[in-house]
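Presented below is the structure to which this report refers.
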Amino acid sequence: MSWTDAVRTVGEGDHGVICLHGWFGSGEGWGYLPEVVDTARFTYYFPDLRGYGRRRDETGDHTMWEFASDALELADAKGLERFSVVGHSMGGKAAAAVLAQAPDRVRAVVGIAPVGPGPVPLDEDGTELFYGAPQDEQKRRAIIDFTTGNRHGDAWLDRMVRDNVATCTVEAYTAAGKSWIEDDYTEKLGRPETPVLLITGQHDPALSSATMQQTWVPALPNVTVTELPACGHYPMHEAPVALADEMERFLARH
């Protein structure tokens, strides 16, 4: 069986939406969001990125560019000539790479606390934290805690780390981290007029609305930024209904 058959599919609508998960995610790691989306209007595809979930043992470069190429392979396998892309966190950078590779096929892009198309500047502490995370579960936990505003309990934080460790290899996690931090797709992206919605969380100090203004907004001409209250970097876990509402109001217009 091809990996494109091992994708969580939700809905039967005419508007296909490919959802690219984050560094701590997987195809099954979208919280309650898949339970509350509009299944009549949209069909959502939640793939495991290479090195994650059911593709945990799949080799590759594990870059955002490679993840984007895989997303296009999935679109071809599902017969999606045109489709929208949702990307969470590092998946946002992968979504930008999809747009760079196939701008005429992308109806719209939704970034959920998305990493921008360019390199991510890190100070000394950030470099130690993020580059150290693949080998240190406490650093992984610290990242999740920080990006959700130090607001959530131990049980959820510990579960997020356990799921992350169980669903991706250290090699994939390391390479993916290096890619979303260092790679620059700005020139390859160009200036397509594709509509882009960037959704941030009120309690996410890292990929905030201000960060979107510095990263995505200068790179593309048709970008809207909105902030969800009462959540941080993981609104699919923290505020799934509000996230679905915001996403689908936008996608329905395109």
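Every number here is computed from the coordinates shown, using simple stated rules; none is lab data. Bear in mind that the values here come from a model prediction, so they are computed numbers and not experimental data. With ideal geometry, Cβ positions are generated from the backbone for all residues, glycine too; neighbour counts draw on all protein chains shown.
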Original post:
Remind me, what semi-axes does the range 109-254 give for its equivalent ellipsoid, largest first in whole Å, using sqrt of 5 times each Cα gyration tensor eigenvalue?
Top reply: 26, 20, 13
Original post:
Under a GNM of the chain (C-alpha, springs under 10 Å), which listed residue has the highest mean-square fluctuation: Pro47, Pro34, Pro121?
Top reply: Pro121
Subject >> Distance histogram in 10 Å bins (all Cα pairs of the range 64-116, percent per bin) >> reply: 30, 60, 11
Subject >> Volume per residue of the C-alpha convex hull in the range 118-186, rounded to whole Å³ >> reply: 93
Original post:
What distance in nm separates the simple spin-label points at Thr224 and Asp14, each placed 7 Å from Cα in the Cβ direction?
Top reply: 2.1
Original post:
Between [x] 12.9; [y] 15.1; [z] 11.9, which matches mean projected area of the Cα convex hull in nm² calculated for the structure shown?
Top reply: [z]
Subject >> Theoretical ellipticity at 222 nm over the chain - DSSP helices of four or more residues, -39500 (n - 2.57) apiece, nearest 500 >> reply: -12000 deg cm²/dmol
Original post:
When we measure straight from the Cα of Lys178, which lysines land under 20 angstrom away, once same-chain ones fewer than 8 places off are left out?
Top reply: Lys93, Lys139, Lys188
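State the antiparallel share, in %, of DSSP beta bridges confined to the range 1-57, rounding to the nearest 5.
50
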**OP:** List Glu246, Glu12, Glu171 from most exposed to least, where exposure is judged by having the fewest other Cβ atoms within 10 Å.
**Re:** Glu12, Glu171, Glu246
Original post:
Can you give the direction-averaged projected area of the convex hull of the alpha-carbon atoms in the range 170-220, in nm²?
Top reply: 4.7
Original post:
When we measure straight from the Cα of Lys78, which aspartates and glutamates land under 14 angstrom away, once same-chain ones fewer than 8 places off are left out?
Top reply: Asp5, Glu12, Asp14, Asp70
Original post:
Kirkwood-based Rg over Rh for the range 1-112 (C-alpha set), two decimals?
Top reply: 0.92
